[in-house]
1. Determine which member of the set A:80, A:104, A:43 is modelled with pLDDT of 90 or more, under 28 Å from residue A:204 (Cα atoms), out of contact with any helix residue (DSSP H, G or I) (no Cβ under 7 Å at 6 or more places or on another chain) and surrounded by 24 or more Cβ atoms within 10 Å (Cβ to Cβ).
2. Which one of these does residue A:321 not meet: (1) out of contact with any helix residue (DSSP H, G or I) (no Cβ under 7 Å at 6 or more places or on another chain); (2) surrounded by fewer than 24 Cβ atoms within 10 Å (Cβ to Cβ); (3) closer than 24 Å to residue A:155 by Cβ?
3. Going by the structure shown, is residue D:141 crowded, with 24+ Cβ neighbours inside 10 Å and under 23 Å from residue D:286 (Cβ atoms)?
4. If we keep just the residues of region C:25-40 that are buried (at least 20 other Cβ atoms within 10 Å of the Cβ) and free of Cβ contacts under 8 Å to residues at least 60 places away in the same chain, which is nearest to residue C:63 (Cα to Cα)?
5. Would you mind stating whether residue C:274 is crowded, with 24+ Cβ neighbours inside 10 Å, without any contact (Cβ under 8 Å) to a residue 60 or more places away in the chain and more than 7 Å from every other protein chain (Cβ to nearest Cβ)?
6. Inspect region C:291-311 for any residue being in a loop (DSSP other than H, G, I, E, B), touching a residue at least 24 places away in the same chain (Cβ under 8 Å), within 7 Å of chain D (Cβ to nearest Cβ) and over 22 Å from residue D:252 (Cα atoms) and give the result as yes or no.
7. Can you say whether residue B:209 is part of a strand (DSSP E or B) and either facing another protein chain (nearest Cβ under 7 Å) or touching a helix residue (DSSP H, G or I) at 6+ places or on another chain (Cβ under 6 Å) (or both), as far as the supplied structure shows?
8. Being more than 18 Å from the chain's Cα centre (by Cα) and part of a loop (DSSP other than H, G, I, E, B) narrows it down to one residue among C:168, C:190; which is it?
């Protein structure tokens, strides 16, 4: 696995920079015979797209995807699918003032030291814009998984800065700009974001993402555990600093008698495991939480150094999301779908068709 | 990357089961010319070894490592290093009562559904015993990193069940059975564990693990981010349910003005990043926290089902750790070392010799 | 390694079909700081390009390459380099008559059985047109290797059908349409090809390709031997059926006293090894021969079956090379360059900077 | 893929040196539920074993294999299978005289330059003894392929030095020490080898190896073509310098009308393709030829240099095969089986169960 390829058998190779001519990806290993067109992919891209509310970056990108290969007469052929997204609204001059300094909390510093060169336009390769091709690839995985196994994915924001967002209903998620499973507190969240933007600051967020209808038996026992690969996928999303599966950090204070999910002929009685035991899916819902740090590009002046190591004050102008977590839900869903897809193929390779588990009770109501 | 091989260039392939004749690993890609003998590896294995206090499993395993290949006249030759550890104290009959049922919270259920067959003796392949070869491999990585870059590793338990363990000094860690950086609260921890054992229950733990003296520039920008690979490595350790880098979940409620670590000519002013920005090491200490769930094998009876899907009550006898977190510190250190080692070689491949960062201030005092 | 990605550390992921909108590749792992523009890549593409003489397909493709990512202000940044080549002269209607049948000797049959679907336009993914992105990627590898190690690549045709082509001078290669290192026999080759074309038939060819100035020590000892990876690369080129390293099949009748290349303080006395011993480069020239089969798409009617398994007669119209070997020399050079590049990075990862061998005598004069 | 691991999904990691305590391999990815014991593996190891006739090395090694993991109650569990072979007849003193010099044609020189250190005992890691674990792993692959698809493997020597060996019948292969499909010329071959041994020289050989009953559709279209992976596998066997698929180098002088195998409703009319079109299996027999160079360790004095670059004369004593090709047939069969096995799993991952091809005529009689 190289640094720009995700997955073992459903492999997605990502390319591009924020302000280059285009971004995109090549999917290799997609099963043949899947009906596929741009219309299957665009909706998820639209959910992640910038400029959809005043709370996210005002960069105006249609993020229109073009399928360059791998599809013939509306069906995948089993050969690589290249998905291309042209960049259209680059304003590289906005970033001129950060070329000579390192933004605190930003990859500026590490790219410079690693490579001795960096593309500073819009963060270059380190921009969260590079998640768009993953959302596109995830849409392909979602379609196949839905058809083959009835697997579906969903996610929501559970905390914005200090504000915990009570879960009310999944139905609310597409109806507010925060991907909150909530209708009652949206005004409060909007006020919070407005104040933050005015203050020239940014804030973190906490998300929950789930997979439903996952076949039992996916995942490798030792290293490529399903939860290990999920942690890898989530921690690889820009700005993520923490990942939990199931009970997560709450398991520290749990007793074995409380944590271990009992089984009945009707299924599991609880889901502290988050759908994974010993690295392998139980057939229950996969439940993942992630912590997203505040955006590092903010208008408030901060202390830093320049390329010569001298003190410098950095203020970032240009267009930035004051909370990158707001647009991260479709990204996290896509990465989860890519992990499940890859393991579905891996399992089929070694063990043949996927198993059918014993009956299961419905998953617990979601909790932050 | 297959399910039993860890790493891209410093590759460790693990084999064995808890009660088979032997466990071990093959390290491929180790640089040649490293002085190496069993004596370099055994101390870390001894730190992880069972039977060293009344708070861990009483299985009596010397865990004596044998180097089968890859070393000639006391030096690594650049060819695969096979490390073998014979199992000596298997009592498979202890496990007879769990062959027909699934322990709640255990991999019994998922192995059975994935493979249609499982080795039930001591948990077979799902046993935490399989971390021993990783500790051995980690010792090789630690030695090379220490010699080449002065990198060192350390870890401690920061919480046992409900009890937070105040950080006092790293010096205390080797002097108590809990790997606690603390001397004042050890008696309390011992009482807690004694009561737990008497109750036939188990409990979770929280650990902190660090790497010091990491070269700047390690990690890949998009997928094989250093922190993503750390998350993958940690979540792959048996029973881990959560991973944090730097500020971790605390970053959710942080503002950008608080989270982003300011730079000065003397170095970073803080380390909310945990040593990683944009997936690449900053040269600061890598700081990782992990959550370990309570052991699923407990004496208290629990509800489950048998292989036929019928209700069954499960009580686990045999020898088990009531808190697997107690022996997990050397395992987490080893996995962190393997990640850093792999990225040191990967960086050298693409970019040549590692960079030297601008001066740095010392890392912050550790906090749970 | 997936089916569309070549290399371990200098990884080239290829995408596209002969008559889709575009073909291209993504190079991941290129060292940063290499000066690079389209002008470095286009010349090799032009050498491989169709339509340059009457002896190759008359498809008119400029094969103009566009760098979509990975280069900033004229230098590689260390991030993925996407190279795009738009298809401009597709005449898919030419191929209508082969949609329902399988051409003898063609991948039609196997694609259909593997995937249950195939893109028949111009051979789809099985077209030799997909070698163009590899030639482009090879040009990047060649530039880096030339700058870092002084390594260069060259190749020539040594046999066309029954006609062996005597080696006269490397200087002749770019001056005839056959990549022959010969000036005396070119008219004879042209007559041969003209007759063949008139007959509606095709023919095979034999090529020689070399790398000069290869550092000693490249290659892995057991599986990823340098010669094994070369064989893999060459056999992966469309229509190749045989590969030889150094003495090749002639070694069968050699004695050990004849084959083993003696060493002197001035270097090796011969190069039966073809520059590789035990899978590792000796520092001598790499010498490789390959056999290329006759094109399967010919105008002469042949017996075959249709999709229903019924007998059918197949005649192929459209535009085809009567000898695919004619344009294969730059392809073989590129693939050899990609192998050497990958191993240069792999060697640097494990062993640090490349070694300098003892002095060497010049390579032998090339022989078919 | 690292230098000591073969395969993508059926992964074999090889370890050990000729005169270390043990050699072996770890197979990861084997399907679960395969009945397996040492008795399934030992017969192929016995076919490759040294000391079975006067024409091969007199080293006395039982090559007894021990299964250390991955098998429970006589069935594979889907977890790694470690196969261990103890070395028992090392006489390292025999090799003392070659420590300071480089044998012409041997890996001594390249190992030294690559690693700066080498294990000279019996050739260390470069010894053909390291093929024994691959023969063992191949036996596992053969068993699964035979049960699942009815695939079988066979091979024979077709030329020994200058002597071509006429094909008479496959039945003769196990009845002579040369793996010759011939009974009439065996005495001549024995005389030839006796004279060669007396002369202190060595010689090359040519082998043919086949797979029968291969499912149609195995192989990846672009890089991991089935024939490319076969070439990689064969060229990776010690001493191999050339590989052909089907018609091989003879295709150079073939016309398209001759080479392309016509199809009928009953199957293919010929097999110039050697069972592969466009990198994917046709369902016909896989037919592979390989050229094996003469052993480099010979008693006849040869010119070389020592570690200081000074002239030296090298004579090799110790025990060596005068023709390594004699024991190479089971090795080549095993490597072919490993390639087919890996692709069977890869195909199942992407495309589900393997296809069934249209009816086929029997393969042609084997030809050298």
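1. A:104
2. Status for residue A:321: all satisfied but (1).
3. Yes: the conditions hold for residue D:141.
4. If we take residues in region C:25-40 being buried (at least 20 other Cβ atoms within 10 Å of the Cβ) and free of Cβ contacts under 8 Å to residues at least 60 places away in the same chain, then C:26 is nearest to residue C:63 (Cα to Cα).
5. yes
6. no
7. yes
8. When all the criteria are applied, what remains is C:168.
The values are calculated or read from the model by the stated rules, or taken from the named source; none is laboratory data. Every value quoted in this text rests on a predicted model; they were computed, and no experiment measured them. Virtual Cβ from ideal backbone geometry, glycine too; neighbours counted across all protein chains shown.
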